[in-house]
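Q: One structure coming up, written as structure tokens, with questions to follow.
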Amino acid sequence: MTAEKTSQTPAISVGRVYLVGAGPGDPGLLTLRGAECLQQAELVLYDGLVNPLLLRHSRANSERTCRAEGPTGRHIPQEEINQRLIAAARQGKTVVRLKGGDPFIFGRGSEEAAALREAGIPFEVVPGITAATAAAVYTGISLTHRDHASAVAFITGHEDPAKPASALDYEALARFPGTLVFYMGLHRLDAIASALVAAGKPATTPVCVVCRATQPLQRTVTGTLADVASVVSAAGLHPPSLVIVGDCVKMREQARWFEDRPLFGLRIGITRPEEQSTDAARRAYELGALPVLLPTIEIAPPEDWTAVDNVLGRLDQFDWIIWTSSNGVRGLLGRLWELGGDTRRLNHAQLACIGTSTAAELEKYSLRADVVPPEYRAESLAAELSSKVSGKRVLWARASRGRDVLPQELTNAGASLEQVVVYHNRDVPTLPAHELRQIERGELDWIALSSPSIARSLARLLTPSARQHVGSRTRLASISPVTTAAALEVGLPIAAEATTYTWEGLFQCMVKLELERTQ
Ligand code: SAH
């Protein structure tokens with residue numbers, strides 16, 4: 001920065017506020033710009049409709065300004081939110097105000113923008129996918145289907161139609177030549193439907209109510225203006241819900257897709273360590289399921305690097321280096337990089353990995369595995385290596401605990417094996433409270449177990465009331481026969497076992513069982 005520019009800059013530079021639309025709930029429905037803003041944020045204030053999974057785009061402190069559900073919810077008044085945004089920006093912070101759907105559609109985002117403008121705070125508004133269009137698409141409805149609607153109206157259902165002061169002109173709405181979408185209308189559904197009929201809209205007009213749109217727990221109920229209120233109350237729907245009124249609702253079955261996903265509506269416990277659960281959670285979403293994160297073990301770097309550093313100093317002496325997890329790859333090669341070295345130090349070593357995801361981690365370091373066994377298990381890796389390692393110096397970069405198969409078999413095959421612990425794998429002290437309660441209430445459909453240590457840890461972490469559901473209401477899926485054996489040993493019955501020993505294999509075995517159940 002030049003001296004001239006510095007003299008023009010205020011002593012403390014003011015931060016910036018991004019008012020970002022978080023979309024309707026599916027964490028994939030955030031804009032690229034929204035994700036960029038979250039990456040830059042130092043403070044995130046998000047509202048009750050926002051899916052907390054979006055916070056993964058950010059390393060900032062974050063705070064929920066209101067809870068969408070539950071009587072205990074704290075609610076920060078709008079004026080206080082405005083003041084918090086202004087104060088944080090004045091401290092020089094980059095702030096993201098994350099709001100459900102689009103910030104300017106029934107969201108008071110424009111009031112926040114006005115307050116920022118008045119206070120002289122620079123801001124940007126990032127649009128989001130609003131609930132109406134998202135709910136329509138995720139239920140198979142085109143709001144402007146050419147045969148049924150030439151317009152669409154977004155309406156607040158919050159106002160009481162019985163009150164003379166209502167801003168809504170129901171006669172105009174009844175005459176409107178297109179689809180009506182009511183936000184915030186669930187608790188007044190009966191009054192809204194009656195007011196439309198009284199204003200001349202045919203009682204046979206189709207209505208669709210969509211609850212938790214775009215989320216795996218999305219629920220859709222259809223009826224007509226005459227009966228929708230009773231159909232909805234029988235179905236027990238909850239907010240947030242949207243009400244779509246119009247003939248386009250009739251076409252829904254032709255274009256539905258989301259609710260036909262193979263694991264739609266199921267809640268699946270993901271037992272991987274927290275920082276490694278992203279891919280599995282995303283895959284659960286793709287298959288229609290709600291991932292419930294239940295980290296049973298955690299991964300930590302070694303407390304003392306002496307042994308690893310010692311091995312790294314002699315790396316060129318090994319004929320083979322073996323990895324049985326991507327953590328192991330990161331542990332050894334990450335440390336090598338930290339110490340100022342790089343992969344040239346591997347020299348002539350041949351590289352072996354237990355499976356494709358470990359090999360994929362190696363590829364990030366531009367290294368190709370020489371051996372990946374057809375089956376992702378220690379026995380298979382040992383069998384592949386046994387004819388190759390006799391008289392060779394072999395390094396296994398391993399976890400602090402695991403099975404003994406590999407060292408036994410490789411030593412039997414005549415290898416001179418050295419093992420170095422490059423990361424710790426330990427049980428977590430407890431499961432997250434909110435998620436544990438879901439198991440205790442019998443809300444989970446599946447828990448997926450991806451290693452023997454995870455199975456053992458889960459058995460220890462389940463409270464008696466959670467345990468009564470596990471194996472009955474909540475079924476267990478196992479990634480491999482070895483994991484199944486470990487689970488059975490600690491009294492956890494397995495309902496499905498993967499035939500390919502990967503997370504994808506785990507999901508596929510659950511899909512297979514679910515399909516069998518519905519057929
Ligand atoms: N700014 C938001 C709307 C906020 S008003 C947007 O653009 O979507 C809150 C209302 O939005 C809720 O009462 C409900 O009617 C609707 N809504 C938001 N998310 C929803 C969802 N996932 N499913 C159904 N309705 C939703």
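The values are calculated or read from the model by the stated rules, or taken from the named source; none is laboratory data. Nothing here was measured: the structure is a model prediction, and the numbers come from that model. In this analysis, Cβ positions are derived from the backbone assuming ideal geometry, glycine residues included, and neighbour counts consider all displayed protein chains. Keep in mind that these areas ignore ligands, DNA and RNA; they rest on the heavy atoms of the full protein, side chains included. Shrake-Rupley method; radii C 1.70, N 1.55, O 1.52, S 1.80 Å.
Q: Which one of ARG175, ARG252 is more than 16 Å from the ligand (Cβ to nearest atom) and touching a Gly at 6+ places or on another chain (Cβ under 9 Å)?
A: The conditions single out ARG175.
Q: Can you go through THR65, THR139, THR130 and tell me which one is of a type in the set (Val, Ile, Thr), modelled with pLDDT under 90 and within 16 Å of the ligand (Cβ to nearest atom)?
A: THR65
Q: Taking the range 457-490 only, how many residues are open to solvent by 10 Å² or more (accessible area, probe 1.4 Å) and either under 21 Å from GLU435 (Cα atoms) or in the same structural domain as VAL372 (by TED's automatic domain parsing) (or both)?
A: Selection size over the range 457-490: 15.
Q: Related question: Going by the conditions given, is LEU362 more than 30 Å from the chain's Cα centre (by Cα) and more than 19 Å from SER480 (Cβ to Cβ)?
A: No: the conditions fail for LEU362.
Q: Going through the range 95-116 one residue at a time, which ones are open to solvent by 30 Å² or more (accessible area, probe 1.4 Å) and either modelled with pLDDT of 95 or more or touching a Phe, Trp or Tyr at 6+ places or on another chain (Cβ under 9 Å) (or both)?
A: Selection gives PHE104, ILE105, PHE106, SER110, ALA114.
Q: What are the pairs with Cβ atoms under 8 angstrom where one residue, in the range 220-248, is assigned by TED's automatic domain parsing to the domain that holds PRO24 and open to solvent by 20 Å² or more (accessible area, probe 1.4 Å) and the other, located anywhere, is more than 15 Å from the ligand (Cβ to nearest atom) and hydroxyl-bearing (Ser, Thr, Tyr)? Sequence gap at least six, or different chains.
A: From residues that are assigned by TED's automatic domain parsing to the domain that holds PRO24 and open to solvent by 20 Å² or more (accessible area, probe 1.4 Å), there are no pairs.
Q: Going by the conditions given, is CYS208 at pLDDT 95 or above and within 12 Å of the ligand (Cβ to nearest atom)?
A: Answer is yes for this residue.
Q: Also, quick follow-up: Identify all residues within the range 265-275 that are within 16 Å of the ligand (Cβ to nearest atom) and open to solvent by 50 Å² or more (accessible area, probe 1.4 Å); write none if there are none.
A: None; the set is empty.
Q: Could you look through the range 222-240, keep only residues that are outside any helix (DSSP H, G or I) and more than 24 Å from SER150 (Cα to Cα), and pick out the one that is nearest to the ligand (Cβ to nearest atom)?
A: Restricting to residues being outside any helix (DSSP H, G or I) and more than 24 Å from SER150 (Cα to Cα), the top hit is PRO240.
Q: OK, next. From (1) more than 15 Å from the ligand (Cβ to nearest atom); (2) at pLDDT 95 or above, pick out the condition that doesn't hold for ASP169.
A: (2)
Q: On to the next question. Based on this model, can you work out whether ARG90 counts as surrounded by fewer than 21 Cβ atoms within 10 Å (Cβ to Cβ) and at pLDDT below 95?
A: The answer is no for ARG90.
Q: Can you find a residue in the range 420-438 that is open to solvent by 50 Å² or more (accessible area, probe 1.4 Å), assigned to a strand (DSSP E or B) and β-branched (Val, Ile, Thr)?
A: Yes.
Q: Suppose we filter ARG314, ARG283 for residues that are without any contact (Cβ under 8 Å) to a residue 40 or more places away in the chain and open to solvent by 10 Å² or more (accessible area, probe 1.4 Å); which single one remains?
A: ARG314 is the lone residue from the list that is without any contact (Cβ under 8 Å) to a residue 40 or more places away in the chain and open to solvent by 10 Å² or more (accessible area, probe 1.4 Å).
Q: Across the range 128-152, what is the number of residues that are surrounded by fewer than 18 Cβ atoms within 10 Å (Cβ to Cβ) and either of a type in the set (Lys, Arg) or over 14 Å from ARG252 (Cα atoms) (or both)?
A: Here the count works out to 3.
Yes/no matrix, rows are residues, columns are (1) in the same structural domain as GLY341 (by TED's automatic domain parsing); (2) touching a Gly at 6+ places or on another chain (Cβ under 8 Å); (3) closer than 23 Å to ASP342 by Cβ:
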{"position": "ALA360", "(1), (2), (3)": "yes, no, yes"}
{"position": "GLU363", "(1), (2), (3)": "yes, no, yes"}
{"position": "TYR376", "(1), (2), (3)": "yes, yes, no"}
{"position": "GLU379", "(1), (2), (3)": "yes, no, no"}
{"position": "ALA383", "(1), (2), (3)": "yes, no, no"}
{"position": "SER387", "(1), (2), (3)": "yes, no, no"}
{"position": "VAL394", "(1), (2), (3)": "yes, no, yes"}
{"position": "ARG403", "(1), (2), (3)": "yes, no, no"}
{"position": "THR411", "(1), (2), (3)": "yes, no, no"}
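Q: Out of all the residues in the range 241-253, which are more than 29 Å from the chain's Cα centre (by Cα) and not in a strand (DSSP E or B)?
A: GLY246, ASP247, CYS248, VAL249, LYS250, MET251
Q: Can you say whether GLY107 is within 16 Å of the ligand (Cβ to nearest atom) and on the phi < 0 side of the Ramachandran plot, as far as the supplied structure shows?
A: yes
Q: Also, quick follow-up: Among the residues that make up the range 28-43, is at least one of them crowded, with 19+ Cβ neighbours inside 10 Å, assigned by TED's automatic domain parsing to the domain that holds PHE106, closer than 21 Å to SER241 by Cβ and within 16 Å of the chain's Cα centre (by Cα)?
A: yes
Q: Could you tell me whether the range 165-177 includes any residue that is open to solvent by less than 40 Å² (accessible area, probe 1.4 Å), among the aromatic types (Phe, Trp, Tyr), closer than 28 Å to GLY21 by Cα and in a helix (DSSP H, G or I)?
A: Within the range 165-177, not a single residue is open to solvent by less than 40 Å² (accessible area, probe 1.4 Å), among the aromatic types (Phe, Trp, Tyr), closer than 28 Å to GLY21 by Cα and in a helix (DSSP H, G or I).
Q: Find the residue count for the range 180-201, including only residues that are over 24 Å from LEU49 (Cα atoms), open to solvent by less than 30 Å² (accessible area, probe 1.4 Å) and either within 16 Å of the ligand (Cβ to nearest atom) or among the β-branched types (Val, Ile, Thr) (or both).
A: 1
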